[in-house]
Amino acid sequence: MQRYGDDKFSINAFHLCKNAQMNHWDDIRYFLAVARSGSASGAAKLLGVNHSTVTRRIQSFEEKHGVELFIRQRDGYEMTDAAYTIVEQAQQMETQTQQISRTLYGRDGRLEGPISLTMTHDMFEYCLAPDLADFQKQYSAIQLNLTVNPGLRNLAGREADLAIRLTQAPPDYLLGHKVAALQHGIYASRSLATDESTPIVQWGSEDQLPEWATLHFPNAHTAMRVDTLSSMYAAVKAGVGVARMHCYMPDGLNDEEVVKLPVQLPRSDWSVWVLSHTDLRKTRRVQRCREFLLQRLKLKQGLFEGESTV
């Protein structure tokens with residue numbers, strides 16, 4: 001195998017992506033995963049394969065073209081000069097491949113096959129689980145692949161076909177339908193005592209007491225920090241403290257032990273959006289699922305805007 005630093009490696013690297021583009025996109029996919037993660041284990045996680053598969057594919061790719069792309073080190077894989085030579089072309093190939101996939105998928109007129117959905121855990125569990133069950137009963141030939149996470153998955157790369165997100169404004173390349181504005185409320189357990197000082201449940205990313213707490217509760221102190229809406233709600237219900245939450249979850253649960261305090265808060269500049277890539281706007285099953293979600297979410301508009309308790 002020819003090592004980076006040899007005089008001839010750049011000539012081989014010049015032809016590497018061109019040849020791969022013709023026959024071996026899968027090799028490039030593995031190459032990019034290792035380049036981005038810096039390790040075989042990281043690439044394996046990205047690709048959903050095992051570690052040995054990644055190492056075998058990278059070694060085969062290098063041997064096929066006589067160029068070393070990575071230096072194996074104890075703490076990961078370091079890209080060689082040859083790898084840097086082709087990485088931009090590899091990324092262009094990835095973009096082109098994704099575009100081809102979206103174009104073909106966008107012309108799929110069947111009401112069958114998979115749809116990848118992504119939303120937060122709280123949105124699924126407390127708002128949409130029964131609705132998605134109804135959708136699956138109506139369209140039993142459509143398989144729903146759900147990923148619950150707080151971030152916006154890569155819709156351009158078709159990591160998800162539809163996303164439900166709480167955001168200020170979606171990216172321009174996405175087809176977005178705004179469902180409702182968001183309203184917050186201040187909630188506490190009915191049994192919580194706040195005579196001397198008010199305990200506050202706040203987000204883990206907040207280093208100090210949030211503004212709403214200091215404004216409405218002069219003797220407030222931090223009692224607990226959490227990282228999910230469901231854990232914040234659980235802490236409030238248990239009597240840990242007072243918290244500001246999106247109205248849709250506590251109002252929707254309508255638990256008599258959790259009460260909304262008479263504190264007026266300004267409307268949030270965030271909203272509920274249903275998002276998909278513009279290339280998928282005519283994919284029949286995605287279109288049908290998008291319309292279904294919009295209809296069901298619109299029925300819950302009062303919950304999102306803090307105007308309903310059912």
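Among the residues of the range 266-283, those identified as in contact (Cβ under 8 Å) with a residue 60 or more places away in the chain and either on the phi > 0 side of the Ramachandran plot or open to solvent by 30 Å² or more (accessible area, probe 1.4 Å) (or both) are Arg267, Asp269, Trp270, Trp273, Thr278, Asp279, Arg281, Lys282. Note down all Cβ pairs under 7 Å where the first residue falls in the range 206-230 and is more than 20 Å from Met249 (Cα to Cα) and open to solvent by 80 Å² or more (accessible area, probe 1.4 Å), the second is assigned to a strand (DSSP E or B) and among the polar types (S, T, N, Q), and they're at least six residues apart or on different chains. Once the first residue is more than 20 Å from Met249 (Cα to Cα) and open to solvent by 80 Å² or more (accessible area, probe 1.4 Å) and sits in the range 206-230, its partners that are assigned to a strand (DSSP E or B) and among the polar types (S, T, N, Q) give Asn219/Thr198.
A count restricted to the range 82-125 and to residues that are more than 26 Å from the chain's Cα centre (by Cα) and either closer than 21 Å to Asp26 by Cα or modelled with pLDDT of 90 or more (or both) stands at 6. The set of residues from the range 254-265 being at negative phi and of a type outside the set (Lys, Arg) comprises Asp255, Glu256, Glu257, Val258, Val259, Leu261, Pro262, Val263, Gln264, Leu265. Every condition in (1) closer than 18 Å to Leu166 by Cα; (2) modelled with pLDDT under 95 holds for Arg244 except the one numbered (2). Quick check on the range 250-260. Is at least one of its residues surrounded by fewer than 20 Cβ atoms within 10 Å (Cβ to Cβ), within 17 Å of Met119 (Cβ to Cβ) and at pLDDT 90 or above? Within the range 250-260, one or more residues are surrounded by fewer than 20 Cβ atoms within 10 Å (Cβ to Cβ), within 17 Å of Met119 (Cβ to Cβ) and at pLDDT 90 or above. Of the residues making up the range 46-92, just one is of a type in the set (Asp, Glu) and in contact with a strand residue (DSSP E or B) (Cβ under 6 Å, 6 or more places away or on another chain), namely Glu78. Of the set (1) modelled with pLDDT of 90 or more; (2) within 30 Å of Leu162 (Cβ to Cβ), all apply to Trp212 but (2). Filtering the range 232-265 to residues that are in contact with a strand residue (DSSP E or B) (Cβ under 9 Å, 6 or more places away or on another chain) and either free of Cβ contacts under 8 Å to residues at least 24 places away in the same chain or of a type in the set (Asp, Glu) (or both) leaves Ala234, Asp251, Glu257, Pro262.
All of (1) touching a Lys or Arg at 6+ places or on another chain (Cβ under 8 Å); (2) surrounded by 20 or more Cβ atoms within 10 Å (Cβ to Cβ); (3) of a type in the set (A, V, I, L, M, F, W, C); (4) part of a helix (DSSP H, G or I) hold for Val286 with one exception: (1).
The values are calculated or read from the model by the stated rules, or taken from the named source; none is laboratory data. The structure presented is a predicted model; accordingly, all values stated were derived computationally and were not measured. For neighbour counting, all protein chains shown are included, and Cβ atoms are generated from backbone atoms with ideal geometry for every residue, glycine included. Side chains are part of the model used for accessible areas, which takes the heavy atoms of the whole protein and leaves out ligands, DNA and RNA. Shrake-Rupley method; radii C 1.70, N 1.55, O 1.52, S 1.80 Å.
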